[in-house]
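Student: One structure follows; several queries about it will come next.
The values are calculated or read from the model by the stated rules, or taken from the named source; none is laboratory data. This structure is a prediction, so every number in the text was calculated from the model and none was measured. Heads up, the Cβs are rebuilt from the backbone with ideal geometry, glycines too, and the neighbour counts pull from every protein chain shown. Please note that ligands, DNA and RNA were not included when accessible areas were found on the heavy atoms of the full protein model with its side chains. Shrake-Rupley method; radii C 1.70, N 1.55, O 1.52, S 1.80 Å.
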Protein chains: 2
Amino acid sequence: MKCRRCREPAVIEVRRHNAGFCRDCFLHHCREQVRKTIDDFDMIGRGDRVLIAVSGGKDSLALWDILLDLDIDASGLYLGLGIGDYSDSSGTYARGFAARRHAPLLEVDLPADVGFDIPSGAARARRVPCSACGLSKRHLFNQAALDGDFDVVATGHNLDDEAAVLFGNVLRWSEEYLARQLPVLSASDGFVRKVKPLVRLGERETAAYCVLRGIDYIVEECPMAAGNKHLGYKEALNLVEDGSPGTKQAFYFGFLDRARARFVDGDQAKANLGPCARCGAPTTGDVCAFCRLVERATT
Amino acid sequence: MKCRRCREPAVIEVRRHNAGFCRDCFLHHCREQVRKTIDDFDMIGRGDRVLIAVSGGKDSLALWDILLDLDIDASGLYLGLGIGDYSDSSGTYARGFAARRHAPLLEVDLPADVGFDIPSGAARARRVPCSACGLSKRHLFNQAALDGDFDVVATGHNLDDEAAVLFGNVLRWSEEYLARQLPVLSASDGFVRKVKPLVRLGERETAAYCVLRGIDYIVEECPMAAGNKHLGYKEALNLVEDGSPGTKQAFYFGFLDRARARFVDGDQAKANLGPCARCGAPTTGDVCAFCRLVERATT
């Protein structure tokens with residue numbers, strides 16, 4: 001197989017594009033996919049300061065690398081979740097990348113700075129670990145962006161992630177989640193803009209990107225995630241994708257083009273937001289969900 | 001495990017209902033699910049004459065058996081598709097059931113009465129066999145119902161079938177198909193009412209129904225269907241259902257409750273229907289899709 005772009009021997013095939021690429025053209029392809037995504041969805045404006053949610057995995061490090069190559073002002077934030085060896089080694093990869101690219105890395109440590117780790121905090125709060133973790137990340141990334149005067153929080157969600165989330169939302173017909181499932185969420189009072197610039201790249205491509213760029217990343221999946229529904233949705237979609245490459249991309253982008261707006265019934269969720277009595281973050285109640293988690297996870 | 005209804009030993013477990021049933025209570029359960037479906041969707045009125053699309057498989061024979069037990073005037077129509085041994089033996093099962101229940105069975109033979117069989121006709125018309133077959137069935141069942149003065153055509157599509165069709169429509173976000181994916185389609189000029197009374201029963205349940213009732217049915221899948229996309233969608237959904245029993249039912253009925261109407265943009269499809277120049281069936285063109293298929297499949 002030859003590279004689609006330069007006709008030299010290909011090192012990777014991307015079946016859903018029915019194309020092969022050599023190393024350099026594949027890296028170019030990945031950057032162009034991200035550039036196109038950022039442009040199409042007005043994700044990042046000139047001069048915007050971007051804070052990347054960095055886990056030390058392939059997606060967030062590929063994202064950081066590409067944004068830097070696109071001359072975007074991109075800092076990282078690594079959140080220590082206290083998940084044993086997994087957290088120790090993911091932090092090492094995040095710091096290694098930041099040092100190599102001379103890029104600023106902020107750090108927040110959940111056990112030291114907030115007072116609980118995900119495994120025992122979720123257990124004390126009687127929450128599914130992935131749910132407690134997601135809530136903590138959303139809150140702390142937003143808070144760090146506000147504190148550090150960033151315009152945008154960027155996350156490394158790729159096409160496989162977003163297609164699997166969409167599949168779960170569709171299986172339950174969660175109208176509110178469907179209405180909000182976009183690769184860009186605008187800033188609003190107390191929330192910075194959130195963007196997902198990797199939605200045109202599959203996880204096999206972000207992994208290949210890191211390998212071909214010589215970026216070291218943590219290969220293991222988070223041990224808390226094993227057996228969760230999200231991974232089951234990925235597995236089911238992979239079965240269909242294997243038989244019909246391109247299914248996931250058509251599913252996700254078809255949703256954005258032709259279906260999402262049908263689920264928007266007016267902006268109920270943001271209607272009654274006020275500041276959390278404890279931390280000031282926007283919430284529909286007196287105390288925000290994160291502060292309630294902290295209370296239950298630390299007592 | 002005990003029967004949910006009578007506490008005798010159960011012979012079958014239905015995981016999505018978190019229930020076991022003894023033989024008699026299971027048969028009762030299946031009948032009640034069908035009765036409820038018919039009532040909820042106003043499928044069949046008092047005195048309606050129903051024509052069942054009978055393939056000789058578990059679904060259509062279970063449907064016929066249940067409708068007869070519910071004292072509904074239900075005849076069968078068996079369509080010979082000319083798919084070799086498969087058609088020969090499916091016809092035998094259909095005739096056997098009709099004789100045993102003293103129920104009227106009409107027959108149309110595609111090769112003898114129309115002039116082509118599915119395998120070679122689809123090849124000549126350069127159509128996927130399942131697509132040529134579906135088109136032929138829809139046309140001929142509707143025509144036979146009109147000719148025989150039936151009020152309703154009932155098909156044996158079960159929950160697994162409908163969830164898989166929905167999954168395919170959602171993966172492609174086929175707005176028109178989503179708008180029309182209902183277990184009942186009203187009669188309109190040239191079309192009799194179409195109903196799917198088995199949408200509350202999974203295929204494992206219709207198979208168990210037949211076994212426990214002593215109904216012989218053709219067990220093999222149609223050989224033309226092997227490897228088609230529909231079976232791939234079923235496999236993917238089964239993977240999710242295995243981990244979370246009830247997913248398919250929530251997916252399908254959640255769609256009907258909260259999503260389908262969002263895809264109805266006015267009745268474009270039926271807007272410009274006129275009679276087919278050859279057979280008189282409603283069509284948007286001069287000649288209906290079935291007559292075009294016949295022309296290409298027989299020349």
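Student: Those residues that are of a type in the set (Gly, Ala, Ser) and surrounded by 19 or more Cβ atoms within 10 Å (Cβ to Cβ), I need them from the range A:221-244; list them, please.
Tutor: The answer is A:Gly232, A:Ala236.
Student: Exactly one condition in (1) within 20 Å of the chain's Cα centre (by Cα); (2) hydrophobic (A, V, I, L, M, F, W, C); (3) within 15 Å of B:Leu166 (Cα to Cα) is false for B:Ala236; which is it?
Tutor: Among (1) within 20 Å of the chain's Cα centre (by Cα); (2) hydrophobic (A, V, I, L, M, F, W, C); (3) within 15 Å of B:Leu166 (Cα to Cα), the lone unmet condition for B:Ala236 is (1).
Student: Tally time: how many residues in the range A:12-44 are within 18 Å of A:Asp151 (Cβ to Cβ) and either surrounded by 19 or more Cβ atoms within 10 Å (Cβ to Cβ) or more than 22 Å from the chain's Cα centre (by Cα) (or both)?
Tutor: 5
Student: Just a yes or no: is a residue in the range A:85-106 farther than 25 Å from A:Val192 by Cα and of a type in the set (Lys, Arg)?
Tutor: yes
Student: How many residues are open to solvent by 30 Å² or more (accessible area, probe 1.4 Å) and part of a helix (DSSP H, G or I) if we restrict to the range A:143-157?
Tutor: Result for the range A:143-157: 3.
Student: Also, I was wondering about something else. Do you know which residues across the range B:164-201 are buried (at least 21 other Cβ atoms within 10 Å of the Cβ) and of a type in the set (Gly, Ala, Ser)?
Tutor: Correct list: B:Ala164 only.
Student: Please go through (1) in contact with a Ser or Thr (Cβ under 7 Å, 6 or more places away or on another chain); (2) within 14 Å of another protein chain (Cβ to nearest Cβ) for A:Ile218 and return the number of the only condition it doesn't satisfy.
Tutor: Status for A:Ile218: all satisfied but (2).
Student: Here's something else I'd like to know. Among all residue pairs at least 6 apart or on different chains, which show Cβ distances below 6 Å where the first residue, located in the range B:95-124, is touching a residue at least 40 places away in the same chain (Cβ under 8 Å) and within 18 Å of B:Leu81 (Cα to Cα) and the second is open to solvent by 30 Å² or more (accessible area, probe 1.4 Å) and in a helix (DSSP H, G or I)?
Tutor: B:Ile118/B:Pro129; B:Ala122/B:Pro129
Student: Of the residues B:Arg296, B:Arg262, B:Arg258, B:Arg292, only one is assigned to a helix (DSSP H, G or I), in contact (Cβ under 8 Å) with a residue 40 or more places away in the chain and not aliphatic (A, V, I, L, M); which? Steps first, please.
Tutor: Details: B:Arg262 fails: in contact (Cβ under 8 Å) with a residue 40 or more places away in the chain; B:Arg258 fails: in contact (Cβ under 8 Å) with a residue 40 or more places away in the chain; B:Arg292 fails: in contact (Cβ under 8 Å) with a residue 40 or more places away in the chain.
One residue alone meets the criteria, B:Arg296.
Student: Next question. Test A:Leu140 against the criterion of being open to solvent by less than 60 Å² (accessible area, probe 1.4 Å), within 14 Å of chain B (Cβ to nearest Cβ) and either modelled with pLDDT of 95 or more or in contact with an Asp or Glu (Cβ under 8 Å, 6 or more places away or on another chain) (or both), and give yes or no.
Tutor: Judged against the criteria, A:Leu140 is not a match.
Student: OK, next. Given the structure, is A:Ala125 open to solvent by 70 Å² or more (accessible area, probe 1.4 Å) and among the small types (Gly, Ala, Ser)?
Tutor: no
Student: When you look at A:Ser120, is it away from every other protein chain (no Cβ under 14 Å), of a type in the set (Ser, Thr, Tyr), buried (at least 23 other Cβ atoms within 10 Å of the Cβ) and out of contact with any Phe, Trp or Tyr (no Cβ under 7 Å at 6 or more places or on another chain), yes or no?
Tutor: In short, no.
Student: Cβ-Cβ under 6 Å, sequence separation 6+ or interchain: first residue in the range B:209-232 and under 18 Å from B:Tyr86 (Cα atoms) and part of a helix (DSSP H, G or I), partner aromatic (Phe, Trp, Tyr) and open to solvent by less than 50 Å² (accessible area, probe 1.4 Å). Which pairs?
Tutor: B:Pro223/B:Tyr86
Student: Looking at the range A:185-204 only, could you name the residues that are acidic (Asp, Glu) and more than 15 Å from the chain's Cα centre (by Cα)?
Tutor: Result: A:Asp189, single match.
Student: Just the residues that are surrounded by fewer than 17 Cβ atoms within 10 Å (Cβ to Cβ) and facing chain B (nearest Cβ under 9 Å), please, taken from the range A:245-261.
Tutor: Matches in the range A:245-261: A:Ala250, A:Asp257, A:Arg258.
Student: Let me confirm something: among B:Ala236, B:Ala261, which residue is closer than 30 Å to B:Arg49 by Cα and either out of contact with any helix residue (DSSP H, G or I) (no Cβ under 7 Å at 6 or more places or on another chain) or at pLDDT 95 or above (or both)?
Tutor: Numbers: B:Ala236 fails: closer than 30 Å to B:Arg49 by Cα.
Only one candidate qualifies: B:Ala261.
Student: Follow-up question, since we're still on this one. Quick one: would you say B:Cys276 is away from every other protein chain (no Cβ under 14 Å) and either among the acidic types (Asp, Glu) or in contact with a Pro (Cβ under 8 Å, 6 or more places away or on another chain) (or both)?
Tutor: Details: away from every other protein chain (no Cβ under 14 Å): yes; either among the acidic types (Asp, Glu) or in contact with a Pro (Cβ under 8 Å, 6 or more places away or on another chain) (or both): yes.
When the stated conditions are applied, B:Cys276 passes them.
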